[in-house]
Every structure is written in C-alpha cells, then in structure tokens.
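What follows is a set of notes on a single structure, which appears directly below.
All of the numbers you see were taken from the coordinates with simple rules; none came from a lab. Every value quoted in this text rests on a predicted model; they were computed, and no experiment measured them. Glycine also receives a Cβ, built like all others from the backbone with ideal geometry; neighbour counts cover every protein chain displayed.
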Amino acid sequence: MHATVTYGYEDARDLAAVFQGRKPGFTYGRQGNPTVEALQNKVTRMEEGVATVCFSTGMAAIGTMLFALLRRGDHFVSSSFLFGNTNSLFNSFTTQGIDVSFVDATSVDAVREAIRPETKLIFIETIANPVTQVSALEEIGVLAKERGLVYVVDNTMTSPWLFQPKNVGASLIVNSLTKYIGGHGNALGGAITETGLFDWRSFENLYDIYKQGDPQKWAVQQIKKKGLRDFGAALAPEAAHHIAVGAETLALRMERQCANAQRLTEFLEAQPWVNAVYYPGLKSHPQHHRAKHLFRHPGALFGFELSHEVDLWAFLNALKVIIKSSNLGDNRTLAIPVAHTIYFEMGPERRASMGIDNSLIRISVGIEEPDDLINDLSDAYAAIAKI
Ligand SMILES: *Cc1c(COP(=O)(O)O)cnc(C)c1O
C-alpha cells in the first residue's frame, strides 16, 4: 500500500513531463496514487470499460463528474426514483444554473419527452432504492445514442456482477464502492468508469487540454484532472486497499445475498401482517420480466410495508439478528424505516411521489443463514403481536 501524498523524482525533467501528461506517473495524492490506481484498473476490468477514476465516496463521484462535464445553462434528465442523497445533490445543481427534469424512468417515453435542445445527459439508476423500480435501461440507451446524449448509469445497486451497463449503451458508469463492491461496511469510496462507447469529439464542454490521446478517455481525463483537482475528493489509499480486498469476494457475496433476498421476500409476501413487498425477483413486481432479462439476479435489497395495525417501532426493535442501520450492500442484514430517516428531509409530498409509505422498511440483505433471518422476522412479529 502506497500511503503517501507526494512522489520524489531523480530527474526534474521527468517530474515536468508527468505534470504535462507526456509521461505516465504520479505528482500529488489528490490526483493519483498507485494503490488507488490498482483499484481503478480493477473496476475498469469489472465493468469492461476503458478507464476509471475513484473518489472518496459515491456522492463525490457523482458530484465531481457532473460538475466537470456540465456548465451553466445545461440541462439533464434524471430518473425520479433516486438514491435520496443524489436527489438532494441534483436539487442543489438547479440552484447553481444547471437544470434537471425528474421523470419516471421505468418508461422511455417519459425520458424522451423531457429532452430539450440544451439537454446534455441522462442519469439513471439500475434498481431504485427503496421501492426497487427497474429503469427502461435498454430503451433509454437506444434513445441516448439517437440523440447524442451522454448516458450515465448508476450501477451501485446491481454491481458489475449482476449487470454491466456497457451492454445497454452506457457512456459513464457510477459505482458507490462503499456498497457491494467493498461489501464489508469498512470503507467509503466511489468510482466513475468510462465505457468507451461515447464519442467525446462531439461534446462541447471539454477543454482542449484534456482532448489528448484516445477520444474514448477524454471525459475521464477531464473528470480526473479538473474535477479531482478542483474539489479534492480523492480516495485514500487505505480505503482503496480495503475495497480492493472486498472486491475479491463480490460474486460469492452477491450470490448468497440475492438468494437470501428471494427467500425473505417470498416469505414476507405470504404473511398477513405485511401489506406490500417490493422486490424485482417477485412475480408481482411490475418490472419482474425486465429485471430477469437484464440482471443475473434481481438484487439483494427490498422494501416492505407492514400492515397498519403493526407498530413499526416495536417491530424493528424486536429484531435480534437484523441490524437497525442505514447503508446497504453490507455482509450483515440491515433494516431501516425509510420515511423517518434517509427520506425524511425531502418531505411528505416528494416521498408520496416516490411511492414511499410511512410504514416502509428497507432491508439490505446480508450473507447470514437464511433461516436465521426468516426466524428473526417472524419472531419479531410474534413478540409484538402478543402485547
Ligand atoms: C450509496 C449510494 C450512492 C452514494 O454512495 P456513497 O459512497 O454513500 O457516497 C450513490 N448511488 C446509490 C444508488 C447508492 O446506493
């Protein structure tokens, strides 16, 4: 692990050549580190892309990418079913002169109708959290290509093991490394991967200095050189090392987590004290067929609503194996009451538009023995039903 901020050179001319981009190498830890670069190369291979740049968090990746690529007066189209913090970030962009339209991205028509002459980019998540809507990923990919728009897919919920957005024409891929790729809840990180499918020669917001070499990598050069320099949200080498070790077991963990999620949701769907279960692996899910067609498995996260006689807090507090916590993609199963926590600040109206009921619990499924998890849920209900 290279726990260093700066790099010494024998020949000052080499240092200058690295600064000017004429030689590969490292100058200062904010814009590059060998341990971080090893992880970047790993993520590039997992996504079968051409280049990756890592950040201190997933949010830093999304924010820095958009800030580096968009300018005042630009517009982009986003799915309205979004990770809550991304929703907050996009609202902040609108106050800075970059406009966004939120649309129901389960339908390509809604995305098409929102495109304007000043639209530069489309931003979509694979499986939305916590109600698990599955975007029209393929159809939106075709639309983005037709209109020459940058197509950004946040692959955090699926990870490259379940889905590679390159296969639906994504230009740039977001991964929060904090979640499934790292997998152990011990390091924050984010990544932007360039797939090589977008022709950046037609994108007017790139500076000439970053249009060097392969045009497939121009965006990542600008995000890395300008974005990381300006904002400084660099990934620490220690975190990069944790994440790289975690990534070695991504496939094993996700196989178990997805199988557990299928069992838990089938169990919950059959319980009279459960009003609704949202999981793309269930036949009742509106995009069940799309999820089966696109993803290796339908993910390891689901939402469910308790029937209104069941006290939300008593139920959650009666859980003994499942941990009451935010985060997702951890090895341990985590439960959170959504409306009161991660989606609290956005208010009741926006929550209603996202289909978030007050009794909704989000479960991020871990790698535990599935019977232990099922028993935990049924014991929790039995314990409070007696009161
Ligand atoms: C968690 C998450 C992010 C942000 O990642 P952090 O590493 O927590 O900053 C972005 N998108 C999605 C879909 C996420 O689940």
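Brief remarks follow.
- Geometric descriptor of region 177-285, per residue, is 188 Å³ (volume of the convex hull of the Cα atoms).
- Cα-based Rg and Dmax for the chain, where Dmax is the largest Cα-Cα distance (Å): 21.5, 77
- Under the criterion of Cα pairs below 8 Å and six or more residues apart, the relative contact order for the chain equals 17 percent.
- Global geometry of region 304-352, whether rounded, prolate or oblate, following the gyration tensor of its Cα atoms and the 1.5 cut on a/c: oblate
- Between region 6-56 and region 175-198, the alpha-carbon center distance in angstrom: 18
- Counting only alpha carbon atoms, the long axis of helix 137-147 and the longest principal axis of the chain meet at about 30°.
- The label-point distance for Arg296 and Asp11, in a model that sets each label 7 Å from Cα toward Cβ, rounds to 4.5 nm.
- For region 172-279, the relative contact order is 28 percent, taking Cα pairs closer than 8 Å that sit 6 or more residues apart in sequence and dividing their mean separation by the residue count.
- Taking the longest Cα principal axis of the chain as reference, the axis of helix 237-247 is set at about 50 degrees.
- Note on region 103-139 and region 272-310: Cα centroid distance 20 Å, given to the nearest whole angstrom.
- Relative to the dominant Cα principal axis of the chain, helix 370-385 is inclined by about 50°.
- Taking every C-alpha pair closer than 8 Å and separated by at least 6 residues, the mean separation divided by the residue count of region 99-250 gives a relative contact order of 17 percent.
- The H on the amide N of Glu125, modeled in the peptide plane, is under 5 Å from the matching H of Ser79, Asp154, each at least 5 residues off or on a different chain.
- Sites matching GluC sites (Glu not before Pro) across region 7-63 that sit in DSSP coil, with at most 12 neighbouring C-beta atoms within 10 Å: Glu10
- Applied to region 27-37, the Karplus parametrisation 6.51 cos²θ - 1.76 cosθ + 1.60 on θ = phi - 60° returns per-residue 3J(HN,Hα) values of 10, 8, x, 5, 10, x, 7, x, 5, 5, 5 Hz, with x for Gly and Pro.
- Calculated [222 nm] ellipticity per residue, helices only, for the chain: -10500 deg cm²/dmol; basis is -39500 (n - 2.57) per DSSP H run with n ≥ 4, divided by all residues, nearest 500.
- Sorting 196-209, 357-370, 321-334 by their mean Cβ neighbour count within 10 Å, with the most densely packed peptide first, gives 357-370, 321-334, 196-209.
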